[in-house]
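Novice: I have a structure here, written as structure tokens, and I will follow up with some questions on it.
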């Protein structure tokens, strides 16, 4: 329908002219908005991470300064350096640890181990414990560092008996190795447990907890903070963590698609003498591009509304412009059915009205031409038939008269009358141009007279055999149809010098579909394969209405092409001719014509 309907093409074109620009605008706008929003989001998030990083640095520096009290507090420092364990020493230790615990509310407990005295202390909820249950004091593994921050873990008792009314908490711990200054001799261990609630509050202020993710990772890949509390203190094996930690940039953004996440990861690294953390904010695509998607949805709704309006307008315009064409097509259909005088009524002043007026004038002119051409065709066909009938080779008449004259000079025989009689019949038959078609019986009588003359010419060395269906004898055939075929035998197939007696056999019968087949077969030498192919080519060209070379031009004489042309003039495509060579030698022509019969004549 798209190829054959200009209306559908017009509708498609008008819709495309509206929808394509709008769709292109939406795509470009979405792409540009997406890029702009991404760039702005990364910039805002990076600035937010810088601020958050500074808050966390200040928070951790406060804890770090708290641990330095073991050096800044002279009395506590003296207790640690001397290893004193008397009442005054314990009192100073309690005072100093109480001061450290009150620096910030997030300090959950403080553990102090004095190396020289072999004495551990635990300050929790203003309660100082100094008598542990375990003989082995707690000693964290610092790896040679003076200060280390242990990732979040469940608080433990450092070898002391649990306090019944104090619930364990999730904490991170800053461990400090207490050393004799300026020497590196270790004098003790100070461990400060920090409740995670403070770091949680600072972290949650940096992201949307429902739609985004924030992680704080240490240099080994342990999670200091994450949206899932179960991951705190764990070391996940997800690929994005290794990717972020391996990047040399201090701060950057990375697009990631994997591990169940697709979006942008913005990070900033926090590095101090005691910290090597990386803060990572992960924003999924659906959050990052939400504004762009919302704008695209609005544009899509506008596009749908405009498209619906465009469809209505387009269809209306298409029908308005193509309705006159449809009417013209209807008039043409009526003309195709034979109504050449159809009234083309289109009273318009535009191009369609002008087209209808020109078409109406053209049909009137065609009607006049048809009448003229029909009359000319009738006259032309009659002249063609008469001209084809008149194309009898005078060479035969000359040969026949010469044979009769020779016989009359050599002997006084009664055959002369017979020969002259046959010749007279032939002349009357061939020169009577008032008949264009005759019953098959008359055509056969003409062949008998012709064969009689040829038999006498070649000393009786000729046999004419007839196998004719009686019902076919009254069928009308074009005059002089069989004689040129039989004549071809004597011109091209019969060789008197060979000593072989000539034979011609004519058969006729009814075929299927109301057709008659007439075959003429001889025992001549045949045209040969190459010549046979040439004759068939000539017949095919003639059957298609193409100009074929005359047989006279290539030595064939007037014969098959003449007969075939006359059959086509008479019967059109209902007539056919088939030629073939016979075995062991000979030539056969088979004609197929419609059975147009007349009553038997007396």
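The values are calculated or read from the model by the stated rules, or taken from the named source; none is laboratory data. Remember, it's a predicted structure, so these values are computed and weren't measured experimentally. Note: ideal-geometry Cβ built from the backbone for every residue, glycine included; neighbour counts use all protein chains shown.
Novice: Could you list all residues from segment 490-507 that are outside any helix (DSSP H, G or I) and either under 15 Å from residue 593 (Cα atoms) or at pLDDT below 90 (or both)?
Specialist: Taking segment 490-507 as the starting set, the residues that turn out to be outside any helix (DSSP H, G or I) are 494-495, 499-507.
Those that are outside any helix (DSSP H, G or I) and either under 15 Å from residue 593 (Cα atoms) or at pLDDT below 90 (or both): 494, 495, 499, 500, 501, 502, 507.
Novice: Hey, does segment 235-248 have a residue that's part of a strand (DSSP E or B) and either crowded, with 18+ Cβ neighbours inside 10 Å or over 41 Å from the mean Cα position of the chain (by Cα) (or both)?
Specialist: Restricting attention to segment 235-248, the residues satisfying the condition of being part of a strand (DSSP E or B) are none.
Scanning segment 235-248, I find no residue that is part of a strand (DSSP E or B) and either crowded, with 18+ Cβ neighbours inside 10 Å or over 41 Å from the mean Cα position of the chain (by Cα) (or both), so the answer is no.
Novice: Still on this structure, please answer the following. Go through the residues of segment 73-86 one by one and say whether even a single one is assigned by TED's automatic domain parsing to the domain that holds residue 172, touching a strand residue (DSSP E or B) at 6+ places or on another chain (Cβ under 8 Å), under 30 Å from residue 215 (Cβ atoms) and in contact (Cβ under 8 Å) with a residue 24 or more places away in the chain.
Specialist: The initial filter retains those residues of segment 73-86 that are assigned by TED's automatic domain parsing to the domain that holds residue 172, namely 73-86.
From the residues that got through so far, the ones that are touching a strand residue (DSSP E or B) at 6+ places or on another chain (Cβ under 8 Å) too are 79-81, 83, 85.
Filter once more, keeping what is under 30 Å from residue 215 (Cβ atoms): none.
No: zero hits.
Novice: Taking the stated definitions as given, is residue 189 in contact with a helix residue (DSSP H, G or I) (Cβ under 7 Å, 6 or more places away or on another chain), surrounded by 12 or more Cβ atoms within 10 Å (Cβ to Cβ), in contact (Cβ under 8 Å) with a residue 24 or more places away in the chain and closer than 22 Å to residue 141 by Cα?
Specialist: Values: in contact with a helix residue (DSSP H, G or I) (Cβ under 7 Å, 6 or more places away or on another chain): no; surrounded by 12 or more Cβ atoms within 10 Å (Cβ to Cβ): yes; in contact (Cβ under 8 Å) with a residue 24 or more places away in the chain: yes; closer than 22 Å to residue 141 by Cα: yes.
In short, no.
Novice: Can you tell me which of 505, 487, 476 is touching a helix residue (DSSP H, G or I) at 6+ places or on another chain (Cβ under 7 Å) and closer than 18 Å to residue 442 by Cα? Give the steps one after another, and end with the answer.
Specialist: Numbers: 505 fails: touching a helix residue (DSSP H, G or I) at 6+ places or on another chain (Cβ under 7 Å); 476 fails: touching a helix residue (DSSP H, G or I) at 6+ places or on another chain (Cβ under 7 Å).
Exactly one residue qualifies, and that residue is 487.
Novice: Restricting attention to segment 105-135, report how many residues are outside any strand (DSSP E or B) and within 15 Å of residue 156 (Cα to Cα). Explain how you work it out, then say what you get.
Specialist: Of all residues in segment 105-135, those outside any strand (DSSP E or B) come to 105-106, 115-118, 125-126, 130-135.
Keeping just the survivors that are within 15 Å of residue 156 (Cα to Cα) gives 125, 132-134.
Here the count works out to 4.
Novice: Please pick out the residue among 487, 521 that is closer than 24 Å to residue 429 by Cβ, assigned to a helix (DSSP H, G or I) and assigned by TED's automatic domain parsing to the domain that holds residue 446.
Specialist: Details: 521 fails: assigned to a helix (DSSP H, G or I).
Within the list 487, 521, the selection yields 487.
Novice: Got at least one residue in segment 126-149 being touching a residue at least 24 places away in the same chain (Cβ under 8 Å) and within 60 Å of the chain's Cα centre (by Cα)?
Specialist: Checked against the condition, which is being touching a residue at least 24 places away in the same chain (Cβ under 8 Å) and within 60 Å of the chain's Cα centre (by Cα), segment 126-149 yields no hits at all.
Novice: Out of segment 291-301, which residues are more than 29 Å from the chain's Cα centre (by Cα) and loosely packed, with under 12 Cβ neighbours inside 10 Å?
Specialist: Matches in segment 291-301: 294, 298.
Novice: Pull up segment 436-470, narrow it to residues that are assigned to a helix (DSSP H, G or I) and in contact (Cβ under 8 Å) with a residue 60 or more places away in the chain, then point me to the one that is farthest from residue 523 (Cα to Cα). It would help to see each step written out before you state the result.
Specialist: We begin by selecting, within segment 436-470, every residue assigned to a helix (DSSP H, G or I); these are 440-457, 470.
Subset that is in contact (Cβ under 8 Å) with a residue 60 or more places away in the chain: 440, 444.
Working: 440: 23, 444: 19 Å.
So the residue we want is 440.
Residue-wise test of (1) loosely packed, with under 12 Cβ neighbours inside 10 Å; (2) modelled with pLDDT under 90; (3) not in a helix (DSSP H, G or I).
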| position | (1), (2), (3) |
| --- | --- |
| 12 | no, yes, no |
| 55 | no, no, no |
| 63 | no, no, no |
| 89 | no, no, no |
| 103 | no, no, yes |
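Novice: So, in segment 449-479, of the ones that are under 24 Å from residue 517 (Cα atoms) and out of contact with any strand residue (DSSP E or B) (no Cβ under 7 Å at 6 or more places or on another chain), which residue ends up modelled with the highest pLDDT?
Specialist: Of everything passing the filter in segment 449-479, 470 is modelled with the highest pLDDT.
Novice: Separate question: Specify the residue that is farthest from residue 49 (Cα to Cα); the eligible residues are those in segment 283-300 that are part of a helix (DSSP H, G or I) and in contact with a helix residue (DSSP H, G or I) (Cβ under 7 Å, 6 or more places away or on another chain). Walk me through it before giving the result.
Specialist: Filtering segment 283-300 down to residues part of a helix (DSSP H, G or I) leaves 285-288, 290-300.
Among the residues that remain, those that are also in contact with a helix residue (DSSP H, G or I) (Cβ under 7 Å, 6 or more places away or on another chain) are: 288, 291-292, 295-296, 299-300.
Working: 288: 16, 291: 22, 292: 24, 295: 28, 296: 30, 299: 34, 300: 36 Å.
It comes out as 300.
Novice: Look at residue 513 and say whether it is closer than 21 Å to residue 594 by Cβ, surrounded by fewer than 18 Cβ atoms within 10 Å (Cβ to Cβ) and free of Cβ contacts under 8 Å to residues at least 40 places away in the same chain. Give the derivation first.
Specialist: Working: closer than 21 Å to residue 594 by Cβ: yes; surrounded by fewer than 18 Cβ atoms within 10 Å (Cβ to Cβ): yes; free of Cβ contacts under 8 Å to residues at least 40 places away in the same chain: yes.
So residue 513 passes the test.
Novice: May I ask you to say which residue of 303, 275 is in contact (Cβ under 8 Å) with a residue 12 or more places away in the chain, in contact with a helix residue (DSSP H, G or I) (Cβ under 8 Å, 6 or more places away or on another chain) and either assigned by TED's automatic domain parsing to the domain that holds residue 216 or under 30 Å from residue 174 (Cβ atoms) (or both)? Show your work before the answer.
Specialist: Numbers: 303 fails: either assigned by TED's automatic domain parsing to the domain that holds residue 216 or under 30 Å from residue 174 (Cβ atoms) (or both).
Only one candidate qualifies: 275.
Novice: Still on this structure: Just checking, which of 270, 355, 328 is more than 44 Å from the chain's Cα centre (by Cα) and either assigned to a helix (DSSP H, G or I) or under 30 Å from residue 223 (Cβ atoms) (or both)? I'd like the intermediate steps shown before the answer.
Specialist: Details: 355 fails: more than 44 Å from the chain's Cα centre (by Cα); 328 fails: more than 44 Å from the chain's Cα centre (by Cα).
Step by step, each of 270, 355, 328 is checked, and only 270 is more than 44 Å from the chain's Cα centre (by Cα) and either assigned to a helix (DSSP H, G or I) or under 30 Å from residue 223 (Cβ atoms) (or both).
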